[in-house]
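Data block below; observations after.
The values are calculated or read from the model by the stated rules, or taken from the named source; none is laboratory data. Since the model is a prediction, treat every value here as computed from it, not as a measurement. Positions of Cβ are generated from backbone atoms using ideal geometry, with glycine treated the same way; all protein chains shown enter the neighbour counts.
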Amino acid sequence: MYTIDKIERKKKRTITLIKIFNVVILLIIVPILIYNITIIIKYIQNPKETPDFLGFKTYEIVSRSMENTINKNDIIVVKKVDKNEINKNDIISFDNGNEIITHRIVEIENINGQTLYTTKGDNNRFADDEKISFEQIEGKYVFKLSKLGYLMNFLKNRYFLIILFIILIFCFIHIINVKKRIKNREEKRMMNKYC
């Protein structure tokens, strides 16, 4: 049999868990929303350029040209840097006109007053055919998130939205049920108190 003390402790514990759950959701969702809104606004302002967040850009690796340093399905983060911060052996992401490529700088040359970079994938036998200019560089490699590309591909999948919607409905129903139970226990406690 429940005593008033047990009911009160359980009620406080449940309320605390609901508050913790809400805070965790806010700490996860709010930064994601801020990031996505910023990316969307920047993309609308300049659709020809990869949008950045505080100077950082993310790319999903879709080839094996940089293995074993960076693997297919890794997400990399690059940062726009000044020309003097780019050195031989740095990994950069650059726009070759058709796509963004991430390779290592193997040579830096000054030709007719212009700095040109020769790049090569770590897993490739030969250097890339075309030299690139500083203007083509999207950013210098900062770090990678291993295999996160699998998750990103899943998140793009329409089935993910259905699953997420179902999970949110169950969470919402659970919170409503917990609140109803707390209210019912409170009402019973009050009735027992006055009877």
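Listed residues Ile182, Ile173, Ile163, Ile111; which is at pLDDT 80 or above and surrounded by 10 or more Cβ atoms within 10 Å (Cβ to Cβ)?
Ile173
Might you check whether a residue that is assigned by TED's automatic domain parsing to the domain that holds Ala127, more than 12 Å from Lys140 (Cα to Cα) and under 15 Å from the mean Cα position of the chain (by Cα) occurs anywhere in the stretch 94-105?
Within the stretch 94-105 (the criterion being assigned by TED's automatic domain parsing to the domain that holds Ala127, more than 12 Å from Lys140 (Cα to Cα) and under 15 Å from the mean Cα position of the chain (by Cα)), the answer is no, since none of the residues qualifies.
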